[in-house]
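The values are calculated or read from the model by the stated rules, or taken from the named source; none is laboratory data. All of these numbers come straight from a predicted model, not from anything done at the bench. Here the Cβ positions follow ideal geometry from the backbone for every residue, glycine too, while neighbour counts run over all protein chains shown.
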Amino acid sequence: MPRVAGLLLAAGQGSRLGRPKALVEIGGLTLADRAVAVLRDGGADPIVMVTGAAPVSLPGVITAHNPAWHTGMGSSLRAGLQTLPADRDAVVIALVDQPLIGPAVIRRLIAAFAAGAQVTVACYEGAPRNPVLIGRAYWGAAADAARGDAGARTFLRAHPDLVTGVECGDIGRPDDLDTPEDLVRITALVDNADPAAQQDRG
């Protein structure tokens, strides 16, 4: 199997939510804890977490502080890609505010990469969202293209020939937790059928 690192973008201040998302708790776990567990249980190792607005430190996780976090996701992606160990074959990039995505999604992206895809994107009912896996050969190009709040989007749109969509709508949901209303709704979904049950062991 390929050696795949995990990269968690967790630097934002959560302006619409009123607090940094990484520190928000659902079911007794912070969103940062949940997302790290998803990456780890999905087969990513090591995990690099990009922080910014709030200090976050988790056991066994490499922390990359992004002092320019306020400029948008692009600077966090660059900081994370520059921190990855060079001996990995690929990286799975996840966002801290999507707690309805479970480790099975990560496993599918890695399996598609192992089967020959260079860049894999999780899709839900055909629509590309997150997480995203990028082979090591393209880390530099993805970092160069990351500007503002676009993250990996600019790179993906510039290289559609590299991208393999991986349908994950049957095993996860890409709902963003952006507002207090989102928190109430997503907390209820987690409480009713916790997609993180597999990774809560970690």
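Can you spot a residue in region 87-104 that is within 28 Å of Arg185 (Cβ to Cβ) and more than 13 Å from the chain's Cα centre (by Cα)?
Taking region 87-104 and keeping what is within 28 Å of Arg185 (Cβ to Cβ), we get 92-104.
Filter once more, so that each one left must be more than 13 Å from the chain's Cα centre (by Cα): 104.
Within region 87-104, one or more residues are within 28 Å of Arg185 (Cβ to Cβ) and more than 13 Å from the chain's Cα centre (by Cα).
When the test is whether a residue is within 12 Å of Asp97 (Cβ to Cβ) and either of a type outside the set (D, E, K, R) or at pLDDT 95 or above (or both), Leu39 does not pass it.
In region 168-181, what residues are more than 15 Å from Phe113 (Cβ to Cβ) and either in a loop (DSSP other than H, G, I, E, B) or free of Cβ contacts under 8 Å to residues at least 60 places away in the same chain (or both)?
Just the residues of region 168-181 that are more than 15 Å from Phe113 (Cβ to Cβ), to begin with: 169-181.
Of everything in region 168-181, those that are more than 15 Å from Phe113 (Cβ to Cβ) and either in a loop (DSSP other than H, G, I, E, B) or free of Cβ contacts under 8 Å to residues at least 60 places away in the same chain (or both) turn out to be Gly169, Asp170, Ile171, Gly172, Arg173, Pro174, Asp175, Asp176, Leu177, Asp178, Thr179, Glu181.
Please verify whether region 127-139 includes one or more residues that are in contact with a Gly (Cβ under 7 Å, 6 or more places away or on another chain) and touching a residue at least 12 places away in the same chain (Cβ under 8 Å). The answer is yes, given that some residue of region 127-139 is in contact with a Gly (Cβ under 7 Å, 6 or more places away or on another chain) and touching a residue at least 12 places away in the same chain (Cβ under 8 Å). Do any residues in region 72-96 that are touching a residue at least 24 places away in the same chain (Cβ under 8 Å) and closer than 13 Å to Val4 by Cα have Cβ atoms under 7 Å from those of residues that are surrounded by fewer than 21 Cβ atoms within 10 Å (Cβ to Cβ) and of a type in the set (D, E, K, R), where the two are at least six apart or on different chains, and which pairs are they? So the pair list comes out as Asp87/Arg3; Arg88/Arg3; Arg88/Arg136; Asp89/Arg3; Asp89/Arg136; Ala90/Arg136. Given the structure, is Thr63 closer than 21 Å to Val190 by Cβ, more than 13 Å from the chain's Cα centre (by Cα) and surrounded by fewer than 24 Cβ atoms within 10 Å (Cβ to Cβ)? Judged against the criteria, Thr63 is not a match. Scanning region 29-60 for residues that are of a type in the set (Lys, Arg) and surrounded by 22 or more Cβ atoms within 10 Å (Cβ to Cβ) yields a total of 1. Annotation note: of Ala64, Ala32, the sole residue that is assigned to a helix (DSSP H, G or I) and under 30 Å from Met1 (Cβ atoms) is Ala32. When the residues of region 3-19 are filtered to those that are out of contact with any Leu (no Cβ under 9 Å at 6 or more places or on another chain) and not small (Gly, Ala, Ser), which remaining residue is farthest from Ala54 (Cα to Cα)? If we take residues in region 3-19 being out of contact with any Leu (no Cβ under 9 Å at 6 or more places or on another chain) and not small (Gly, Ala, Ser), then Arg3 is farthest from Ala54 (Cα to Cα).
Can you pull out every residue in region 16-29 that is farther than 19 Å from His65 by Cα and either in contact (Cβ under 8 Å) with a residue 24 or more places away in the chain or assigned to a loop (DSSP other than H, G, I, E, B) (or both)?
First, pick out the residues of region 16-29 that are farther than 19 Å from His65 by Cα: 16-18, 25-29.
Arg16, Leu17, Gly18, Ile26, Gly27, Gly28, Leu29 - these are the residues of region 16-29 that are farther than 19 Å from His65 by Cα and either in contact (Cβ under 8 Å) with a residue 24 or more places away in the chain or assigned to a loop (DSSP other than H, G, I, E, B) (or both).
Within the bounds of region 124-135, is there any residue that is in a strand (DSSP E or B), hydroxyl-bearing (Ser, Thr, Tyr) and surrounded by fewer than 24 Cβ atoms within 10 Å (Cβ to Cβ)?
Let us first name the residues in region 124-135 that are in a strand (DSSP E or B), namely 124, 127-135.
Narrowing the set further to residues that are hydroxyl-bearing (Ser, Thr, Tyr) leaves 124.
Within this subset, residues satisfying the condition of being surrounded by fewer than 24 Cβ atoms within 10 Å (Cβ to Cβ) are 124.
Checked region 124-135: at least one residue is in a strand (DSSP E or B), hydroxyl-bearing (Ser, Thr, Tyr) and surrounded by fewer than 24 Cβ atoms within 10 Å (Cβ to Cβ).
One residue stands out in region 2-11 among those that are assigned to a loop (DSSP other than H, G, I, E, B) and in contact with a helix residue (DSSP H, G or I) (Cβ under 6 Å, 6 or more places away or on another chain): the one that is surrounded by the fewest Cβ atoms within 10 Å (Cβ to Cβ), namely Pro2. Evaluated against (1) charged (D, E, K, R); (2) surrounded by fewer than 19 Cβ atoms within 10 Å (Cβ to Cβ); (3) within 18 Å of Val48 (Cβ to Cβ), Asp97 falls short on exactly one condition, (2).
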